[in-house]
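Below: one structure, written as structure tokens.
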């Protein structure tokens, strides 16, 4: 059983060319090291239903929404957890449909506490590309993701906010999204703005203080 | 012609009891003094289509939405300009329909620059009764209209904010509504939050500075 992971490589390549296979989902971790990233890139883009191919990830950060920008028939696949959070924000009408598609978060200030490559950073990029001002927070500090004044830029840019803490940014935010692994982290809920939308995607419950 | 205004009194009383008359609109000013307020109160509530009767105004400030709270068939009439502004905010989806009716502005912070008895003060009260945190601004200072933490109170309360200016409150607001008469007033647009919704109900264009 242990050795079966070594067949993943061959299995993916075979599925890529098998016309009976429409989509490929791989349950990670397999090797639980850089080799897993290698496997992710083996999956053919046309069968990648998880959006883990470099091309999809690149397009997401670049705010390129279609594989075929001219004909706009093939939407780029987005990573599932960030997309799920966007769907929740759409349901909650944080996305304002009076604004043009692609700008519907304009006017919102959002804090994302987590900057993992799997969820936090892509989520911050997606929200900023949709027009929000996003504060991306992790243990190393705070970064601001934004399309600039009047969302004039066509994709987000990132700036380090030297010396800023949650105390500086959370009171500005009407949406706060947390996803901190482990059960030790505490979030100071007294910083929250009245009526702020709060989402937690960690498997642990948010422990609030004071 | 000048003397015709003295017949307004009799005309209103006659219309009140005329079964062919469904609603009464009076074009003010007639006397352009306190006597006009007297005339407003002469109009029978059942025929008051402008919402100027004390009962309607009282109910508006008290957040009583129906003349018949039990059966809820007769909505209280609201003053037209504040209601028009609310309709605009509904159209712009500032009112969030995911929230229960009556709380749909929760999470919004709104500045109203004008506190006249005709528009500014009733508007601030209506917005606060719908769940917003409202800063009501005029030359005498700033008042905060709110239903309190977690909008637990069933109607708004008003507090004076001693020593605060537009510089303190506008950067907190995602909606700014101005209606300052005269063409001399200037609004410092550099205070506005990115993506803030801005409405002006003055007949003069807003002059912005710097």
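Here, each number is a calculation from the coordinates, and none is a lab measurement. Keep in mind it's a predicted model, so treat the numbers as computed, not measured. Note that we place each Cβ from the backbone using ideal geometry, even for glycine, and neighbour counts take in every protein chain shown.
Miscellaneous remarks
- Label 7 Å beyond Cα on the Cβ vector: residue A:208 copy-to-copy distances, nm: 3.6
- For residue A:66, the label point sits 7 Å beyond Cα toward Cβ; its separations from the matching points on the remaining copies run 5.0 nm, from shortest to longest.
- Summary value for chain A: 12 percent relative contact order, contacts being C-alpha pairs under 8 angstrom separated by 6+ residues.
- Helix A:120-129 vs. chain A, principal-axis angle (Cα, 0 to 90°, nearest 10): 70 degrees
- Segment A:122-167, relative contact order [Cα under 8 Å, separation at least 6], %: 33 percent
- Beta bridges by DSSP in the protein assembly as shown, antiparallel share as percent, to the nearest 5: 40 percent
- Seen from a random direction on average, the alpha-carbon convex hull of segment B:110-210 projects onto 6.5 square nanometres.
- Counting every C-alpha pair in segment A:56-130, the share spaced more than 13 angstrom apart comes to 68%.
- Against the compact-protein benchmark of 2.2 N^0.38 Å, the Cα-based radius of gyration of chain B scales to 1.13.
- Cα-projected label distance for residue B:207 with residue A:167, points at 7 Å along beta-carbon direction, nm: 4.3 nm
- Within chain A, DSSP assigns beta bridges of which about 40% are antiparallel (rounded to the nearest 5).
- Hydrodynamic analysis of segment B:97-150 uses the Kirkwood radius over alpha carbon pairs. Inserted into Stokes-Einstein at 20 °C and 1.002 mPa s, it gives a translational diffusion coefficient of 192 µm²/s.
- Most fluctuating residue given options B:32, B:129, B:114, as computed from a GNM of chain B linking Cα atoms under 10 Å: B:32
- Most fluctuating residue given options A:13, A:89, A:199, as computed from a GNM of chain A linking Cα atoms under 10 Å: A:13
- Using only the C-alpha atoms, the convex hull of segment A:6-68 corresponds to 84 Å³ per residue.
- Label spacing, shortest first and in nm, from residue A:37 to its equivalents in the remaining copies (7 angstrom along Cα→Cβ): 7.3
- Highest GNM mean-square fluctuation among B:178, B:136, B:46, for chain B modelled with Cα contacts below 10 Å: B:46.
- Percent antiparallel among DSSP beta bridges (both partners in segment A:71-153, rounded to 5): 50 percent
- Degrees separating the helix B:80-91 axis from the principal Cα axis of chain B, which is the longest one: 40 degrees
- Taking every C-alpha pair closer than 8 Å and separated by at least 6 residues, the mean separation divided by the residue count of segment B:53-124 gives a relative contact order of 24 percent.
- Segment B:53-124 and segment B:177-210 have Cα centres lying 22 Å from one another.
- Taking all C-alpha pairs of the protein assembly as shown, those more than 31 Å from each other amount to 54 percent.
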